[in-house]
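Since every read-out is calculated from the coordinates, none of them should be taken as a lab result. This is a predicted model, so every value here is computed, not measured. A quick note on method: Cβ atoms are made from the backbone with ideal geometry, for glycine too, and the neighbour counts reach across all protein chains shown.
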Amino acid sequence: MNLLLVEDDPELGRQMAEWMIEAGHELHCEELGKPALAWLKSHACDAAILDVGLPDMDGFSIVESLRQQGVLTPVLFLTARASVADRVRGLAAGGDDYLTKPFAAEELLARLDALHRRASHTQPTQRKIGNCRLDPVKRRITCGTQTVELQPREWMLLEVLMNHEGRIMPKQYLLEQVWDIHFDPGTNVVDAMICRLRRKLEIPDCNIHIVTIRGKGYVFKNMA
């Protein structure tokens with residue numbers, strides 16, 4: 001794989017670089033967030049390994065900026081922050097995996113392989129729901145002359161709901177499928193993203209509706 005490593009600790013960065021090069025990966029290294037962000041916007045790579053606690057800007061902000069501009073490079077966060085709140089924030093920002101320090105070379109390499117497998121899946125084709133055309137590559141929904149664009153995790157959430165049309169999807173199931181969180185983090189991350197999706201879908205002729213089933217979860221309904 002072609003990888004970007006962003007780590008401001010020179011010794012840890014050197015050690016990680018050795019692990020990845022020995023495993024056969026190609027590597028570009030940065031120690032600061034701003035040049036890493038610029039590099040990711042102008043270069044394609046298979047995955048980025050991104051330290052959260054960088055001197056100039058935190059890793060969460062880097063990923064949020066990337067996702068807002070449609071850059072889908074898989075990101076593995078590295079951090080000494082082990083709290084549930086930090087893990088949830090990292091995943092909600094658009095990260096794909098989270099590894100807390102200290103860690104073993106074997107686990108880092110295994111997680112990178114898993115990221116690559118998931119990202120290598122064939123992109124799905126466009127689909128049509130009533131008057132709406134959905135483009136999964138650009139994460140774009142077009143209804144008549146109106147178009148809305150979704151962030152990566154917003155699209156993932158909508159896709160999970162669409163794939164289970166008419167069925168109640170509990171919040172915990174959505175956390176597992178969209179954020180890879182297999183416990184109750186005690187946050188409203190699902191509710192907040194549902195609200196954002198609904199606001200974006202408030203366009204003329206849109207047949208896509210997400211219904212709240214109080215105390216149980218959410219249901220996708222095609223109102224065409």
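Going toward the positive end of the dipole of the range 127-222, with +1 on Lys and Arg Cβ and -1 on Asp and Glu Cβ, which of 152, 211, 175 do you reach last?
Farthest towards the positive end: 211.
Quick one: which residues, 5 or more positions from residue 131 or on another chain, have an amide H under 5 Å from its amide H? H modelled 1.01 Å from N in the peptide plane, none for Pro or chain starts.
Excluding prolines and chain starts, which carry no amide H, the hits are 207.
Please report, in debye to the nearest 20, how large the charge dipole of the range 1-126 is about its Cα centre when each Lys and Arg carries +1 at its beta carbon and each Asp and Glu carries -1 there.
Value, rounded to 20: 560 debye.
Using only Cα atoms, find the angle between the long axis of helix 10-22 and the longest principal axis of the chain, and express it within 0 to 90 degrees, rounded to the nearest 10.
For helix 10-22, the angle is close to 80 degrees.
Take the alpha-carbon centre of the range 3-42, take the same for the range 53-110, and report the distance between them in whole Å.
Cα centroid to Cα centroid, the span is 14 Å.
Cα gyration tensor of the range 2-119, axes a ≥ b ≥ c as square roots of the eigenvalues: rounded (a/c below 1.5), prolate (a/b > b/c) or oblate?
Since a/c stays below 1.5, the shape of the range 2-119 is classed as rounded.
Using modelled backbone amide H atoms (1.01 Å from N, in-plane), which distant-in-sequence or interchain residues come within less than 5 Å of residue 54's amide H?
The answer is 59.
Hey, what angle do you get for helix 152-163 against the long axis of the chain, alpha-carbon based, 0 to 90 degrees rounded to 10?
40 degrees
In debye, nearest 20, what is the charge dipole magnitude of the chain about its Cα centre with +1 on Lys and Arg Cβ and -1 on Asp and Glu Cβ, if you could check?
So the dipole magnitude of the chain works out to roughly 1600 debye.
Suppose every Lys and Arg Cβ carries +1 and every Asp and Glu Cβ carries -1, with no other charges. What dipole size does the range 88-169 come out with about its Cα centre, to the nearest 20 debye?
280 debye
Which of rounded, prolate, oblate describes the chain, given a ≥ b ≥ c as roots of the alpha-carbon gyration tensor eigenvalues and a/c under 1.5 marking rounded, otherwise prolate only if a/b is larger than b/c? Walk me through the numbers on the way to the answer.
On the way: a/c = 2.26, a/b = 1.79, b/c = 1.26.
Because a/c hits 1.5 or more and a/b exceeds b/c, the chain counts as prolate.
Under the rule of at least 5 residues apart or a separate chain, name every residue whose amide H is placed under 5 Å from the amide H of residue 217.
Long-range HN contacts for residue 217: none found.
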